[in-house]
Amino acid sequence: MMRFIRPRLRKPVGIALFGTVYAAAWLVHGGNGWVPAIVAVVGTAAFAIAAYVRGGRDSDEDALYGSRTDERQQLIAQRSWALTGKVTMVAAFAGVTAAVADRAGWWWPFAVILAVGGFSYLLGLSNYGVGEEGPADDADDGHQVRSPVKR
Amino acid sequence: MRNRVREQRTQQGLSQSELAAALGVSRQTVISIEGGRYLPSLPLAFAIARFFDMTVDKMFDPADEEAGT
């Protein structure tokens, strides 16, 4: 879907979408939820504008904001996301461990994060080609193959 | 791994920005490649070599790494 949006607008639109959904959650919450909803809308609007402005500048981070990365910048972003995933998993594990030790009932959100993270990792292995390798060209097919290495 | 990107670029009187635009990468990536901090992908290495009318093995020299092993 994002492909139809100009690269420089992709991050700001994504930020604005997340902010709108978060603000809507506060409105659904009811009561005085409109206050944090307004704060969320104003905050994400400012963030989206800042992302758009930065997207036009000339640095690695600004290329990420502007969705116009080259291969090196994509690699940096992938490594950064990988680190994010690892830290999140460690934090979730620490959370579930602390909750269990405390006999608290708030263990399950951490368990959900761990489960989703683990599933995403397996999905990634599957999507990015682990297990796709075929048999080796020199696999034993019943013939005695002379080794090219002389002893 | 040593490379001759900076040498070839300056010989041709190009700025890093001009080379980056010609290769379709960022100026920062050209800087990283010239400094040896980033090894380009095979397609980009071929694009660089082709741009300077050289072969990849002339442009990128693994001698430093082999000497260290």
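The values are calculated or read from the model by the stated rules, or taken from the named source; none is laboratory data. None of the values given here were measured: they were computed from a predicted structure. So basically every Cβ, Gly included, is an ideal-geometry build from the backbone, and we count neighbours across all protein chains shown. Accessible surface is based on the protein model in full, side chains and every heavy atom, while ligands, DNA and RNA are left aside. Shrake-Rupley method; radii C 1.70, N 1.55, O 1.52, S 1.80 Å.
Could you rank A:LYS86, B:LYS58 by how accessible they are, 1.4 Å probe, largest area first? Intermediate values should be presented prior to the final figure.
On the way: A:LYS86 140, B:LYS58 115 Å².
Greatest to least solvent exposure: A:LYS86, B:LYS58.
Estimated purely from DSSP H runs of n ≥ 4, each contributing -39500 (n - 2.57), the mean residue ellipticity at 222 nm for the protein assembly as shown is -21000 deg cm²/dmol once divided by its residues.
Here is the P(r) of segment B:1-51: all C-alpha pair distances, binned every 5 Å from 0, give 4, 23, 37, 30, 6, 0 in whole percents.
Within the listed set A:TYR65, A:TYR128, A:TYR52, the residue fluctuating most in the Gaussian network model of chain A (springs between alpha-carbon atoms under 10 angstrom) is A:TYR128. By accessible area, using a 1.4 Å probe on protein heavy atoms only, the protein assembly as shown has 63% of its surface on carbon and sulfur.
Residues A:PHE93, B:PHE60, B:PHE51, sorted by accessible area with the largest first, give A:PHE93, B:PHE51, B:PHE60 [1.4 Å probe; ligands and nucleic acids excluded].
Remark on segment A:14-89: Rg and Dmax equal 15.9, 48 Å (Cα only). Based on alpha carbons, the Rg and Dmax found for segment A:45-103 are 17.1, 51 Å. About its Cα centre, the protein assembly as shown has a charge dipole of approximately 760 debye under the convention of +1 per Lys or Arg Cβ and -1 per Asp or Glu Cβ, with nothing else charged.
GNM on chain A, alpha-carbon springs under 10 angstrom: the most fluctuating residue among A:ARG57, A:ARG72, A:ARG103 is A:ARG103. Rolling a 1.4 Å probe over the protein heavy atoms gives segment A:60-112 an accessible area of 68 Å² per residue. Summed over both chains, the accessible area lost when B and A associate is about 700 Å², using a 1.4 Å probe.
Each of A:LYS86 and A:VAL130 was given a label point 7 Å from its Cα along the Cα-to-Cβ line. The distance between the two points is 1.5 nm.
In terms of its C-alpha gyration tensor, chain A comes out oblate, because a/c is 1.5 or above while a/b does not outweigh b/c.
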